[in-house]
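Peer 1: Below is a structure I'd like to ask you about.
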Amino acid sequence: MELKKIVLWIGLILFMSCSDLFINEECESNLDCDIDEVCENGECENSIESNGIDEELDDDEDDDSDDDDADDDSDENEYEQMNSENGEMESHYLGQNCMNCHTIGETVEGIFTTAGSVYQTDLITSYPNLTINLYSEINGGGELIKIINGDGLGNFYSTDSIEFGSGVYPAITDGSSIKYMPQLTTSGSCNSCHNNTITSKIFFP
C-alpha cells in the first residue's frame, strides 16, 4: 500500500514537471519571463520566432520602399527638363511641329509643353532671342502665366508645367515693343497651326 502511494506521488510530480514545458508562464512584464521570452497578453512567449517574423516583414517593407523610390526616380529622370534661352544655338527644325517628336513615348531629350518658331516679316528669316509671354487675359491683361525665352535660332520651347486651363493669350516682345495674339489658345504646340497652311507663321514685329 505504501509503495503504491509512493508511485502515485512520483507520477504526479513527473506530470507536473512535464506540464510546465507546455504551459506558458504568467507574467506582468518582461522581467517575469526568461531572457529569450517576452510578456504578451499576460503570458511569456518565445521572442525569437516573433522577432524573426517581424524582421522578415520589415525587410519586405524596406524592399518595397526601395522599389517605389527607384520607380519615382526613374519617372522623374526619364525625360530631361529643357527651356530655351536667349543666345543658345542648339535647337533644330525651324518651323516644324516640335510636338511631333517631343512627346511621351518618343526617344527624345524632353517632353515639351509649349514650343514654336518666330520669323521676321519675310516669313523666311528667323527672329532670334525674343521672349514669349503667356497671359490669362487678352492684350497682356490678367496674370502673367509663363515667360519663355526664344533661342538664338528663332525657336522657343519649354518642358515646364503650364496651366492652359480654358485658354491663354500669347505675346512676343523684344524688350522694347510687344505684339499680342488676339485669340486665346489651349495648346502649346504653336507650329501645328502657325505653318502657313492653317494660319500664318509667327512673325515679329
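We did not get these values from a lab; they are worked out from the coordinates using the rules stated. All of these numbers come straight from a predicted model, not from anything done at the bench. Cβ: placed from backbone, ideal geometry, glycine included. Neighbour counts: every protein chain shown.
Peer 1: State all residues of segment 148-168 that are crowded, with 21+ Cβ neighbours inside 10 Å and within 29 Å of the chain's Cα centre (by Cα); if no residue qualifies, say none.
Peer 2: Scanning segment 148-168 gives I148, G150, D151, N155, F156, Y157, S158, V168.
Peer 1: How many residues are buried (at least 16 other Cβ atoms within 10 Å of the Cβ), touching a residue at least 60 places away in the same chain (Cβ under 8 Å) and assigned to a loop (DSSP other than H, G, I, E, B) if we restrict to segment 169-205?
Peer 2: Residues meeting the conditions: 5.
Peer 1: Could you list, in sequence order, all residues of segment 141-152 that are among the small types (G, A, S) and assigned to a strand (DSSP E or B)?
Peer 2: Once the filter is applied, which keeps residues that are among the small types (G, A, S) and assigned to a strand (DSSP E or B), segment 141-152 yields G141, G142.
Peer 1: While we're here: Any residue in segment 152-170 that is farther than 25 Å from T103 by Cα and of a type in the set (V, I, T)? Steps first, answer last, please.
Peer 2: Step one: list which residues in segment 152-170 are farther than 25 Å from T103 by Cα, which gives none.
Checked against the condition, which is being farther than 25 Å from T103 by Cα and of a type in the set (V, I, T), segment 152-170 yields no hits at all.
Peer 1: Taking segment 101-140 on its own, how many of its residues are small (G, A, S), part of a loop (DSSP other than H, G, I, E, B) and buried (at least 20 other Cβ atoms within 10 Å of the Cβ)?
Peer 2: Going through segment 101-140, the residues small (G, A, S) turn out to be 105, 110, 115-117, 126, 136, 140.
Keeping just the survivors that are part of a loop (DSSP other than H, G, I, E, B) gives 105, 110.
Next cut, buried (at least 20 other Cβ atoms within 10 Å of the Cβ) only: none.
Total meeting the criteria: 0.
Peer 1: Counting only residues that are of a type in the set (F, W, Y) and over 28 Å from the mean Cα position of the chain (by Cα), how many does segment 113-145 have? Lay out the reasoning, then the answer.
Peer 2: Residues of segment 113-145 that are of a type in the set (F, W, Y), as a first pass: 119, 127, 135.
The next check asks that each one be over 28 Å from the mean Cα position of the chain (by Cα); those that pass are 119, 127.
Number of matching residues: 2.
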